[in-house]
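Structure first, commentary second.
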Amino acid sequence: MSLRQINLASGQRNSSATQYHFGTKVGLIEALFDYRMEAINARRVELLRQIEGQIDDEDAATSLRRLVEALIFPLAEQVKTQGGACNYIAIAAQANGHPNYHAIAQRRSRHGAGLQRLLTLLRQRLAGIPESLIRERFGMALRQVFNELADYQRLHPAGTGGAGMTLFVNNLVDAVTAQFAAPVSATTLQELGSEQRKTA
């Protein structure tokens, strides 16, 4: 889709309004991410503040699950609170596969304080897993969450925000928690060692 088509779809009379404000399509996506991520980050920081004083007194499985909730709930709420009308999650899921995604992600990092704190807390609870694998699992989890929420919204356009979605989100939390906690196999450790030797 061209910027001109986007401009027409938005009902702008000025044929170059979109280009004037955003420059390029990537600039438009960056602006969308910036707008949504500010609220998502604030919500994630709020959740982490609520649980940080409690998770040290909980068993490992419970504290890990609560951290994963802080990862997923702010994103799921973007679907729930908008009654299915918000397309941010679907757009973000598509953007993950775009060649310019990493540049976009870097520019929106000012709203990443919640994710950075979350990653630090996860590392503390996954001490037996190598750092590089934790970071890789973190990326896998984010892509999985965006894709699963986008698919749910697409398949249930009239049913977001109800009991069915609550069940779905809790099951997603369970799956991602298990993904983080999964033991690292001897095969993976062997491959990791091989990769590290190549770059040493």
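Here are a few things to note about the model shown:
- Subset of segment 130-171 that is of a type in the set (Asp, Glu) and within 16 Å of residue 75 (Cα to Cα) - its residue that is surrounded by the most Cβ atoms within 10 Å (Cβ to Cβ): 148
- Residue match in segment 128-138 (condition: of a type in the set (A, V, I, L, M) and in contact with a Pro (Cβ under 9 Å, 6 or more places away or on another chain)): yes
Quick note: the coordinates plus some simple rules give every number you see, no bench work behind them. No experiment lies behind these values; they were computed from the predicted model shown. Positions of Cβ are backbone-derived with ideal geometry, glycine not excepted, and every protein chain shown enters the neighbour counts.
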